Amino acid sequence: MARDMTVPLFVGGDFNVIWDEEEKYGGFPVSLNETDDFRHCINTCNLVDLGFKGSIFTWWNGRAEEDCIFKMLDRCLSNVEFQHTFPGIEVTHLSKIGSDHSPMQLKCDIEVPLVKKPFRFLNLWVEHESFKETVRENWKADFSASLFVMFNYKLKKLKKALLVWSRATYGDIFQKIASLEEVVLVHEAQFETNPIKLNREILHKVQADLIKFLALEEKYWKQKSGMAWFKDGDRNTNFFHTQVKRRRKRLHLKRIQNSQGMWIEEDEEIAMEAVNFYKEQFKETTMPTSFHILDRVPTLVDMEQNSELMKQPTKDEVKKCSVWFE
């Protein structure tokens, strides 16, 4: 049985069934009977979907208008042992050429750099109608503590909630654009061949969906590039992408000097030196005994002025202030 295997196991190809309703466009609504058996089989075998790049749809029935159907019937699955053997594995859905199915390109890397992505707030979130309610619901705590502890707890809770909310609300923007572009091309060709009202309405609908996600992509790259002067509506994803790459390249450290004055270039050594440097910065080995540096601070208030500032106010002075505020 697959669930009892202790060796790397990989399964890929056309399963002729989808996982959920997100993997189908057009046709009749998806019923639970279509997906439950497949999910049960995958879970029983302890297999995991390896993910992919490109369009989500790997099959097209070759038709248009109301008979047009796209599905994700092809996928790559593996067990945990296979993923440990090839941690850098990457699946790409290629274009459908000469077939109704998309070829799948599998890239297996034994090593992959582990990068923990920091949480990043996307400005486009605030424009969604359910954003404020999501924040309001998750900015709560069921215990009492100091203000700092409460604030820290709420931020962590809200961060996790926003990530889940974003995945459910927007999904993978770039993946959806790739899928919708494929659907639009099919309906554009159909409308050119048969320019009737129904074909025009269907084309306009899928184009509107694509435009919506293209606008989200534009806002994403605009924030990513840090260029607030770029005008709204001027979509130029390649330009944004180039600016982000240039900024990353400019900020990338190729070598640094260690505490002994020697130049180091290896990434691991640079990271270790940075950690050690800040550890020393914030670590106090001995208690200071000399405060002669304070003698360098200029005195702007003399003793007489200081005494006046420290003096308790009189009742008359308090009354005068009260009258002035009234």
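How charged is the neighbourhood of SER130? Take every other residue with its Cβ under 13 Å from the Cβ of SER130, and add Lys/Arg as +1 and Asp/Glu as -1. Intermediate values should be presented prior to the final figure.
Values: positive: LYS132, ARG136; negative: GLU127, GLU129, GLU133, GLU137.
In short, -2.
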Note, GLN207: beta-carbon cut-off 12 Å, +1 each Lys/Arg, -1 each Asp/Glu, net -1
Simple SL model, points at 7 angstrom along Cα→Cβ for HIS292 and PHE143; separation in nm is 5.0 nm
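Residues of region 1-155: accessible area per residue at 1.4 Å, in Å²? If you can, show how the numbers build up before the last one.
Numbers: 10450 Å² over 155 residues.
In whole numbers, region 1-155 has 67 Å² accessible per residue.
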Taking a crude spin-label model, label points 7 Å out from Cα along the C-beta direction, the GLU273 to ARG120 distance in nm is 2.7 nm
Protection proxy (average C-beta count within 10 Å per residue), highest first, orders 154-160, 313-319 as 154-160, 313-319
With label points set 7 Å from each Cα along the Cα-to-Cβ direction at HIS128 and ASN61, the distance between them in nm comes to 3.1 nm
A correct Stokes-Einstein calculation for region 1-113, using the alpha-carbon Kirkwood radius, 10 °C and 1.306 mPa s, returns a whole-number D in µm² s⁻¹ of 104 µm²/s
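Of the heavy-atom accessible surface of region 38-185 (probe 1.4 angstrom), what whole percent is carbon and sulfur? Each step should come with its number before you reach the end.
Values: 5360 of 9320 Å².
Exposed carbon and sulfur together represent 57 percent of the surface.
The values are calculated or read from the model by the stated rules, or taken from the named source; none is laboratory data. Keep in mind that what you see is a predicted model, and the values were worked out from it rather than measured. Using ideal geometry, Cβ is built from the backbone for each residue, glycine included, and neighbour counts are taken over all protein chains shown. In case anyone asks, the SASA skips ligands and DNA or RNA and just uses the protein heavy atoms, side chains included. Shrake-Rupley method; radii C 1.70, N 1.55, O 1.52, S 1.80 Å.
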